[in-house]
Each structure stands twice: as C-alpha cells, then as structure tokens.
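Student: First, the structure itself, so that you have it in front of you.
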Amino acid sequence: MGRILAVANQKGGVAKTTTVASLCAALAERGRKALAVDLDPQASLTYSVGLEPDDLQPTIHDALLERVAVEETIRGVEEGFDLVPANIDLAGAETYLLGRTGREYALRETLEGLTDRYELTVIDCPPSLGVLTINALTAADDVLVPLQCEALSHRGVGQLLATIDDVKRFTNRRLRILGLLPTMFDGRTRHAREVLDGVGERYGLPVLPPIRKSIRFAEAPASGVSILGFAPRHPGAEAYRALAEELVR
Ligand SMILES: Nc1ncnc2c1ncn2[C@@H]1O[C@H](COP(=O)(O)OP(=O)(O)O)[C@@H](O)[C@H]1O
Ligand SMILES: [Mg+2]
C-alpha cells in the first residue's frame, strides 16, 4: 500500500499528463484506489479531468504552503480516481520553496499520511528539472520516464538521469527508475523502431511496451476523460490498462 510513482521528463509534450490520467483511470476501472497529483503550474491534468483550474481553490499550492491540509484539496473525478489539483498559483510555490530550508521535502511531507490510503499515487511533473520535479522525485518510490521516439533528445534523457542520480544520493535513496515509456510510437517508421531499440541499451534501462500514436489521445482531454473513457476499446486504452496492471501486480 501507499506506493508513489512520479512521471517525469523535463521535455514538454512527451505524454506525461496523458500517462498519469490514463494510468489512474485504468486503476480505477479495476476497482483500485488511485490518487493523481498535479504538480504542473500549467494544470493540464486538472483541466483534462474536466475541472476548470482557474476557478479552483484550494489546490496543491495551498497545501505546499501549509495553508490547508492536503485532504481539503482532493477532488473525486468522473473516472473514479482522486485528484490533488493545481492551477497557475503553483508557479509561486517554486519561489516560496526556493527560500525554504528542506525545500526538497515539502511534497513528501504534504503527502504523508494521505498516500497510505491509496494503492498508487501518481505525480504529474512539470516540464522542467526545477524544485517541483525534485520534490516529486524525493517523494516517490519509483519514476517512470515517458519519451517520444521520433523527437527523442538523448541529451535531455541524460540530464534527467543525472538529476535522478542526485536525488538518490541526497534526498531519496529508495528511488527506482521503473523504465522508459515510449509514447506516440509510430511502428511503421524504421526510425521509431531504431530509436526504441537503441535507447534502452544506451541508458541501461528497461523499455516498457510502447504506446502507439493516435489522434484519439489528443481528442480525449477536451471531453474531461482519458482515452479509457473516451475510446474504451482503443489499442491506446488497452496499452495503458496493461501498464497499470504491471504496476500493481
Ligand atoms: N499516444 C499518443 N498519440 C498521439 N498523441 C498523444 C499521445 N499521447 C499524448 N498525446 C497528445 O500529445 C500532447 C502532449 O501530451 P501531454 O500528455 O500533455 O504531454 P506532457 O504532459 O508531457 O507535456 C497532448 O495533446 C496529448 O493529447
Ligand atoms: Mg503535462
């Protein structure tokens, strides 16, 4: 009980948010208790579950600043999991945290006591290696790294892995890398296959079964549900179900 997974990559648009929403929906579908934490000031996760971030109070920002208990921020979402939402206020939390001693531990402290009530907590990281991502990695048991095969920047992954190593050395020795999750995979192009084959070897990391590219993923968020609710029999939905199953097995 109480496992925490961070979904991180400082590159934007690699399907972090999509992965968090889809995994939590897949867990809820199987009757598992899942909590999603939006740790991105852009609040895409909060928006994609059908909430209007700008109108929300309180959010993860208020909990990090110890203005409210984190329990007070929780929203139940349509697909059956719980969400700790965010909005643009979270951009201000970065500044606040930078001036605080023990800044790396703020999220771990905030979530303490809460995450034991869920089988899995999944944290959606912002597209940077700043203090918020470090907080997520410090709070987590595992980290999952989505990456887009086509536009893969090897240097970016190297930087992320270096950050993860730092976190392991200084703030969270138990952190494990679950693996690389190839997203928006186009199996028809030779380039995508080559990248996929090479990338795991290059970094000595497990490469999880890829999530195929499909326009259906881009259509889902506007309807307030994940691909699982939007197109339940779609191969993309099945791929996230299989991944969720692996995670709680
Ligand atoms: N497998 C996929 N195929 C096609 N588009 C996808 C896929 N997964 C996600 N997307 C789309 O790509 C865009 C970026 O995804 P998002 O999850 O917001 O990335 P991030 O959180 O890393 O910035 C979104 O429009 C999303 O709907
Ligand atoms: Mg995102």
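Student: So which residue, out of A25, A222, A86, gets the largest mean-square fluctuation from a GNM of the chain using Cα contacts under 10 Å as springs?
Tutor: Of A25, A222, A86, the Gaussian network model singles out A222 as fluctuating most.
Student: Hey, another quick one. What accessible surface, in Å², does a 1.4 Å probe find on S128, ignoring ligands, DNA and RNA and rounding to the nearest 10?
Tutor: 40 Å²
Student: Beyond 27 Å, what percent of the Cα pairs of the chain remain?
Tutor: 30 percent
Student: Relative contact order for segment 3-244: what is it in percent, counting Cα pairs under 8 Å that are at least 6 residues apart?
Tutor: Details: 485 pairs, mean separation 67.3, N = 242.
Relative contact order comes out at 28 percent.
Student: Give the residues of segment 167-192 whose amide nitrogen is closer than 16 Å to a point set 7 Å from the Cα of E238 in the direction of its Cβ.
Tutor: Answer for segment 167-192: 187.
Student: Working from the pairwise distances between different alpha carbons, so that the mean of 1/r is found and then inverted, what is segment 1-114's Kirkwood radius in Å? It would help to have the intermediate numbers written out before the result.
Tutor: Details: mean 1/r = 0.0689 Å⁻¹.
Every distinct Cα pair counted, the radius reaches 14.5 Å.
Student: Under a GNM of the chain (C-alpha, springs under 10 Å), which listed residue has the highest mean-square fluctuation: V84, V199, V37?
Tutor: Between V84, V199, V37, it is V199 that shows the largest mean-square fluctuation.
Student: Okay, moving on. Hey, what do the phi angles of segment 229-237 turn into as Karplus ³J(HN,Hα) couplings, whole Hz, using 6.51/-1.76/1.60 and θ = phi - 60°, x for Gly and Pro?
Tutor: The phi angles translate into x, 7, 9, x, 9, 5, x, x, 5 Hz.
Student: Further, regarding this structure: For segment 104-164, state the average projected area of the convex hull of the C-alpha atoms over all orientations, rounded to one decimal in nm².
Tutor: The orientation-averaged projected area of the Cα hull of segment 104-164 comes to 4.6 nm².
Student: Which far-off residues, 5 or more places away or on another chain, put their amide H under 5 Å from the one on R3, with H placed in the peptide plane?
Tutor: Amide H neighbours of R3, under 5 Å, 5+ apart: T121.
Student: Which value, in Å², gives the accessible area per residue of the chain when a 1.4 Å probe is used on the protein heavy atoms?
Tutor: Working: 10940 Å² over 249 residues.
That works out to 44 Å² per residue.
The values are calculated or read from the model by the stated rules, or taken from the named source; none is laboratory data. As the structure is a computational prediction, the values presented were derived from the model and not from experiment. All Cβ positions, glycine included, derive from the backbone under ideal geometry; neighbour counts span all protein chains shown. Just so you know, the surface numbers come from the protein's heavy atoms only, side chains and all, with ligands and any DNA or RNA stripped out. Shrake-Rupley method; radii C 1.70, N 1.55, O 1.52, S 1.80 Å.
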